[in-house]
């Protein structure tokens with residue numbers, strides 16, 4: 001499969017994930033109220049982030065430059081999904097601007 005086709009499929013999968021997150025949030029909000037829905041979604045997202053963050057723990061607490069390099073190198077779709085632009089990368093700070101986000105775009109389009 002060509003790179004463009006893979007990128008399109010990856011964008012579609014992420015868009016589908018975004019809509020699913022939204023629909024789950026709406027159902028939980030309808031059942032339990034908005035405050036509780038936000039609390040539940042935050043906990044679930046935090047849990048998943050904790051699970052997927054294992055590879056970057058090696059950079060804690062002060063290997064900021066290496067963390068930034070790792071982040072950009074491992075950006076989804078070879079960087080084509082979020083198009084990260086490094087704003088700052090040195091030994092004290094890492095700032096990145098993701099110029100695209102398929103999840104946000106899917107929420108806008110939905």
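The values are calculated or read from the model by the stated rules, or taken from the named source; none is laboratory data. Please read all numbers here as calculations on a predicted model, not as lab measurements. Here Cβ is always computed from backbone atoms with ideal geometry, including for glycine, and neighbour counts include all displayed protein chains.
Among residues of the range 73-101 being part of a helix (DSSP H, G or I) and modelled with pLDDT under 90, the one that is nearest to residue 7 (Cα to Cα) is 77.
Of the residues making up the range 54-72, at least one is within 13 Å of the chain's Cα centre (by Cα) and touching a residue at least 12 places away in the same chain (Cβ under 8 Å). Filtered by the rule that a residue be out of contact with any strand residue (DSSP E or B) (no Cβ under 8 Å at 6 or more places or on another chain), surrounded by 15 or more Cβ atoms within 10 Å (Cβ to Cβ) and either more than 18 Å from residue 74 (Cα to Cα) or without any contact (Cβ under 8 Å) to a residue 60 or more places away in the chain (or both), the range 85-102 gives a lone residue, 101. Of all residue pairs spaced 6 or more apart or on separate chains, those with beta-carbon atoms under 8 Å, a first member in the range 18-29 that is farther than 16 Å from residue 42 by Cβ and a second member that is not in a helix (DSSP H, G or I) are 18/110; 19/110.
Set side by side, the residues 13, 5 differ, and just one is within 20 Å of the chain's Cα centre (by Cα), free of Cβ contacts under 8 Å to residues at least 24 places away in the same chain and part of a helix (DSSP H, G or I), which is 13.
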